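Asks: Please find one structure pasted underneath; my questions will follow.
The values are calculated or read from the model by the stated rules, or taken from the named source; none is laboratory data. Here the structure is a predicted model, which means the values were calculated and not measured. Quick reminder, even Gly has a Cβ in these numbers, built from the backbone with ideal geometry, and neighbours come from all protein chains shown.
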Amino acid sequence: MDGLVQLLQQQPELRHLTGWTRLPTRYSASPKYTVHDESGLSILHTAPLTAFRRKKREFEILRQLKQDGLPVPEPLGLNQLPEAAVCYSRYRFLTGSTIQDCVPLGRDIEYRLGQETGRLLKQIHRYAGPPATKWAVRCRAKHNRYVTLYQQEALPLTGDQAILSFIEQNIGWIADRPNRLQHDDVHLGNLITDGEHLVGMIDFSNHDSGDPWHDFVKMGLFQVENSIPFAVGQVDGYFGGDVPELFWRVYSIYLAMACFSSIVWTSRHAPEEMDQMRRRIERVLSDHRRFEHTVPDWYETFDRT
């Protein structure tokens with residue numbers, strides 16, 4: 001048993017927990033565990049003590065969403081462990097499997113799961129974000145930082161200047177976007193299903209605030225790769241089948257920006273996945289005819305009959 005578990009087990013509110021099992025973490029060095037109590041299974045996340053304010057905000061967000069009846073993990077506890085320089089939070093485990101682990105499920109079920117995800121995302125986006133610098137200012141500054149890193153690290157994408165030109169020519173469309181709660185990591189691995197319907201959404205650790213439509217970026221990068229019916233359903237469910245043209249304009253700008261941030265992030269955190277990420281970006285560029293089209297081919301050609 002590792003030393004951190006021993007320290008955690010000494011905490012008064014954790015002493016009753018049994019069956020401590022460490023879970024694999026792909027991109028984080030902070031351990032997380034499943035544990036049991038008299039009510040069932042829960043998951044305990046640890047994080048550096050310096051992240052406590054952010055983890056407290058995440059805990060409060062989920063407590064509010066849960067109180068309002070949204071299908072998210074129930075918050076059970078939050079505390080600090082200074083002697084180990086960590087903080088920890090515990091949430092009730094959502095029963096089911098990730099959609100990522102379940103696909104393929106067939107076109108109709110995947111489309112329905114996408115619709116249910118879109119509807120849930122719409123509910124989450126009703127919550128206002130905390131006061132902050134205007135979204136367009138933050139978004140552009142972040143993009144500029146990633147482009148600088150992209151250029152410094154010599155990670156060329158084919159036709160990168162055309163992508164940058166598309167962003168510059170259209171970035172005005174994000175000028176007045178609202179400031180709402182963002183999950184900021186919506187992908188099939190963070191969506192739980194019982195095989196037929198959506199059970200809930202997990203992992204709000206990347207939560208942010210800004211344009212709610214930015215939460216669709218990983219749809220274009222990842223969902224489409226695994227299930228086009230799901231991706232189409234996510235858009236249709238969110239907008240009730242009536243997708244405004246403005247959405248596709250704004251979404252395309254964010255997806256174009258993501259071409260650069262994804263390359264830089266992968267280079268720094270998962271270099272072994274660089275070839276896969278480059279293929280993913282080439283698919284995105286193909287879907288949008290190198291951003292000559294804002295509506296992607298996978299959405300325009302999907303047969304709903």
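Asks: Can you name the number of the only condition in (1) under 27 Å from residue 241 (Cα atoms); (2) under 22 Å from the mean Cα position of the chain (by Cα) that residue 107 fails?
Replies: Among (1) under 27 Å from residue 241 (Cα atoms); (2) under 22 Å from the mean Cα position of the chain (by Cα), residue 107 violates only (2).
Asks: Could you list, in sequence order, the residues of the stretch 164-176 that are under 21 Å from residue 127 (Cα atoms) and either surrounded by fewer than 19 Cβ atoms within 10 Å (Cβ to Cβ) or among the aromatic types (Phe, Trp, Tyr) (or both)?
Replies: Listed by number, the residues that qualify are 175, 176.
Asks: Going through the stretch 60-105 one residue at a time, which ones are within 16 Å of residue 32 (Cβ to Cβ) and without any contact (Cβ under 8 Å) to a residue 40 or more places away in the chain? Outline the logic, then answer.
Replies: Looking only at the stretch 60-105, we keep the residues that are within 16 Å of residue 32 (Cβ to Cβ), and these are 62, 73, 75-79, 81, 84, 86-94, 98.
Across the stretch 60-105, the qualifying residues are 75, 76, 78.
Asks: Within the stretch 182-229, restricting attention to residues that are in a strand (DSSP E or B) and among the hydroxyl-bearing types (Ser, Thr, Tyr), which residue is nearest to residue 127 (Cα to Cα)?
Replies: Top of the filtered list is 209.
Asks: Given the criterion basic (Lys, Arg) and out of contact with any Leu (no Cβ under 9 Å at 6 or more places or on another chain), identify the matching residue among 53, 92.
Replies: 53
Condition check ((1) of a type in the set (Lys, Arg); (2) touching a Lys or Arg at 6+ places or on another chain (Cβ under 6 Å)) across all residues:
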| residue | (1), (2) |
| --- | --- |
| 17 | no, no |
| 28 | no, no |
| 35 | no, no |
| 46 | no, no |
| 56 | yes, no |
| 73 | no, yes |
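Asks: Something else: Which residues, counting only those in the stretch 292-301, are in a loop (DSSP other than H, G, I, E, B) and within 24 Å of the chain's Cα centre (by Cα)?
Replies: Those that are in a loop (DSSP other than H, G, I, E, B) and within 24 Å of the chain's Cα centre (by Cα): 294, 295, 296.
Asks: While we're looking at this one, here's another question. Somewhere in the stretch 261-272, is a residue in contact (Cβ under 8 Å) with a residue 40 or more places away in the chain, in a helix (DSSP H, G or I) and of a type in the set (Phe, Trp, Tyr)?
Replies: Initially, the stretch 261-272 is screened for residues in contact (Cβ under 8 Å) with a residue 40 or more places away in the chain, giving 261-264, 267, 269-270.
Then keep just the ones that are in a helix (DSSP H, G or I); that gives 261-264, 267, 269.
Those still in the list that are of a type in the set (Phe, Trp, Tyr) too: none.
No - not one qualifying residue is present in the stretch 261-272.
Asks: Further question: Could you list, ordered by first residue, the pairs with Cβ atoms under 9 Å in which the first is in the stretch 146-162 and closer than 12 Å to residue 267 by Cα and the second is part of a helix (DSSP H, G or I) and basic (Lys, Arg), at least 6 apart or interchain?
Replies: 149/268; 153/268
Asks: When residue 184 is evaluated against the numbered criteria (1) free of Cβ contacts under 8 Å to residues at least 40 places away in the same chain; (2) within 27 Å of residue 130 (Cβ to Cβ); (3) over 22 Å from the mean Cα position of the chain (by Cα), which criterion, by number, is the only one it fails?
Replies: Every condition holds for residue 184 apart from (3).
Asks: Next up: When you scan the stretch 230-244, how many residues do you find that are of a type outside the set (Val, Ile, Thr) and assigned to a helix (DSSP H, G or I)?
Replies: Residues of the stretch 230-244 of a type outside the set (Val, Ile, Thr): 230-231, 233-234, 236-242, 244.
Narrowing the set further to residues that are assigned to a helix (DSSP H, G or I) leaves 230-231, 233-234, 236-239.
Qualifying residue count, the stretch 230-244: 8.
Asks: Would you point out which residue out of 242, 215, 211 is acidic (Asp, Glu), assigned by TED's automatic domain parsing to the domain that holds residue 187 and surrounded by fewer than 17 Cβ atoms within 10 Å (Cβ to Cβ)?
Replies: The match here is 242.
Asks: Can I ask one more? Applying the selection to the stretch 279-291, what residues are surrounded by fewer than 17 Cβ atoms within 10 Å (Cβ to Cβ) and in a helix (DSSP H, G or I)?
Replies: Initial filter on the stretch 279-291 (surrounded by fewer than 17 Cβ atoms within 10 Å (Cβ to Cβ)): 279, 282-283, 286, 289-290.
Listed by number, the residues that qualify are 279, 282, 283, 286.
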